[in-house]
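J.: Quick one: the structure is below, questions incoming.
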Amino acid sequence: CVCLAGCSSGYTNGPLPSSGFSGPTAFGYWDDLYIYAGTSQSVYYGTTGTYPNRNLVFEFYMAHFGAPNLYYRFQIVFFEATPNVVRYLYYQASDSGVSCTIGVQSSGTGPSMTYSVNTAGSVPAGSSTT
């Protein structure tokens with residue numbers, strides 16, 4: 001997830017809003033994901049486009065904690081021209097969302113919008129949600 005303030009380091013996902021994240025947070029794939037040493041796994045970021053239509057892109061390439069062969073690769077994209085819109089793009093999610101939370105919240109008490117909580121098949125490869 002991308003959290004702008006009051007971020008949780010907890011490992012367990014749950015429904016939104018989550019009091020563990022007091023600031024605005026984009027939950028692209030809230031689960032117990034991990035970056036294993038000696039791999040190309042990381043969180044990458046960059047911008048695309050030109051003013052006033054730039055995009056800020058965070059790309060996550062990770063594995064599940066305790067299961068280094070379960071891979072997750074997804075992006076969280078923010079749009080300069082539409083600041084209240086976020087897009088999630090999924091390239092690989094080994095468990096297809098069975099144990100994650102996807103959504104967005106403004107604060108730990110809401111408002112929030114939930115796409116899925118622990119829903120099998122919610123993030124097939126090649127899918128996106130805005």
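J.: How many residues are surrounded by 13 or more Cβ atoms within 10 Å (Cβ to Cβ) and either small (G, A, S) or under 13 Å from the mean Cα position of the chain (by Cα) (or both) when one looks only at the stretch 50-67?
T.: 7
J.: Go through the stretch 72-87 and report how many residues are part of a strand (DSSP E or B) and of a type in the set (D, E, K, R).
T.: Here the count works out to 2.
J.: Which one of these is at pLDDT below 95, closer than 27 Å to T82 by Cβ and among the small types (G, A, S): G46, G23, G10, G28?
T.: Only one candidate qualifies: G23.
J.: So which of T82, T109, T101 is of a type in the set (S, T, Y), under 21 Å from C3 (Cβ atoms) and free of Cβ contacts under 8 Å to residues at least 24 places away in the same chain?
T.: T82
J.: So which residues in the stretch 88-122 are of a type in the set (A, V, I, L, M) and part of a loop (DSSP other than H, G, I, E, B), if there are any at all?
T.: V98, A120
J.: Looking at the stretch 1-54, which of its residues are among the charged types (D, E, K, R) and either over 24 Å from A67 (Cβ atoms) or part of a strand (DSSP E or B) (or both)?
T.: R54 - this is the single residue of the stretch 1-54 that is among the charged types (D, E, K, R) and either over 24 Å from A67 (Cβ atoms) or part of a strand (DSSP E or B) (or both).
The values are calculated or read from the model by the stated rules, or taken from the named source; none is laboratory data. Everything numeric here is computed off the predicted structure, so don't read it as measured data. In this analysis, Cβ positions are derived from the backbone assuming ideal geometry, glycine residues included, and neighbour counts consider all displayed protein chains.
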